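Everything on this sheet refers to the single structure shown next.
The values are calculated or read from the model by the stated rules, or taken from the named source; none is laboratory data. Quick caveat: nothing in here was measured; it's all calculated off a predicted structure. Backbone-built Cβ (ideal geometry, glycine too); neighbour counts: all protein chains shown.
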Amino acid sequence: MVVEGRGSQSRGSQFQYIMVQKKGTKQNIGVIQLNRPKALNALCDGLMNEMKVALDLFENDPQVGAIVITGNEKAFAAGADIKEMQNSTFQECYRSNFLAGWNSVSTVRKPVIAAVNGYALGGGCELAMMCDIIYAGEKAQFGQPEILLGTIPGAGGTQRLTRAVGKSLAMEMVLTGDRISAQEAKEAGMGTSVCLLIGPFSGGPIWEEMEAESFLQ
């Protein structure tokens, strides 16, 4: 979904749930691609643990000026892994400090960009909002559908969504589970721009645009 520039360096062999590369002509863009396509990139504990490792790698790499988190054309991330959570009681989740590690994205000191295509729902929407900038593909959809399972967003969505789109729209999305399109997200203030996002291993203009940003100079 994110576009490759000239040259790339892969670190994906050490991860099961994500693919990690450095891209760009100067190898100064760190890319983390969620890689659970059969599960629509559902955010399981293993994936989030691997993401923290990858974020730490890029955070400590002086060559990397910014980090991109992306998925595939069908889904950025369709939410937390419900199968992993379904047998846990509230007490078990509370005692285990469930979702505590998710906040690692928002504590990274380098700029973090979410490149979103397809579904960014539930935990996926929360993950995108933890990033500093959101670039949305034309087919991106954002939503907090947890209410349809009888719960509410648990990884900061109620706070970040309200700050991003305002109280009224945030309440509507959280209380109904309705989704908004990429264009609606941009108009509401959630996304920076709506643009063409294509495969992470194909060529295209967005890397040149990212490399031109001042924080990569």
Go over the candidates GLU59, GLU73, GLU84, GLU92 one by one and state the one that is at pLDDT 95 or above, surrounded by fewer than 17 Cβ atoms within 10 Å (Cβ to Cβ) and charged (D, E, K, R). GLU59
Filter the range 116-155 for residues that are among the polar types (S, T, N, Q) and either surrounded by fewer than 24 Cβ atoms within 10 Å (Cβ to Cβ) or over 13 Å from ALA185 (Cβ atoms) (or both) and give the result. GLN141, THR151
Would you be able to tell me the number of residues in the range 9-20 that are free of Cβ contacts under 8 Å to residues at least 40 places away in the same chain and buried (at least 16 other Cβ atoms within 10 Å of the Cβ)? 4
So, in the range 156-197, of the ones that are assigned to a loop (DSSP other than H, G, I, E, B) and surrounded by fewer than 22 Cβ atoms within 10 Å (Cβ to Cβ), which residue ends up modelled with the lowest pLDDT? LEU196
Select from the range 10-64 the residues that are of a type in the set (Gly, Ala, Ser) and more than 16 Å from the chain's Cα centre (by Cα) and write down the one among them that is nearest to GLY79 (Cα to Cα). GLY12
Inspect the range 106-117 for any residue being at pLDDT 60 or above, under 21 Å from GLY150 (Cβ atoms) and of a type in the set (Val, Ile, Thr) and give the result as yes or no. no
Pairs needed: first member in the range 21-46, farther than 18 Å from LEU57 by Cα; second member anywhere, part of a strand (DSSP E or B) and at pLDDT below 90; C-beta distance under 9 Å; at least 6 residues apart or different chains. ARG36/LEU43; ALA42/ALA80; LEU43/ALA80; CYS44/ALA80
Output the residues belonging to the range 138-155 that are assigned to a helix (DSSP H, G or I) and of a type in the set (Asp, Glu). GLU146
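Per-residue answers, yes or no, for (1) charged (D, E, K, R); (2) over 18 Å from ASP132 (Cα atoms):
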position	(1), (2)
VAL20	no, yes
GLN33	no, no
LYS38	yes, yes
ASN49	no, yes
ALA54	no, no
LEU57	no, yes
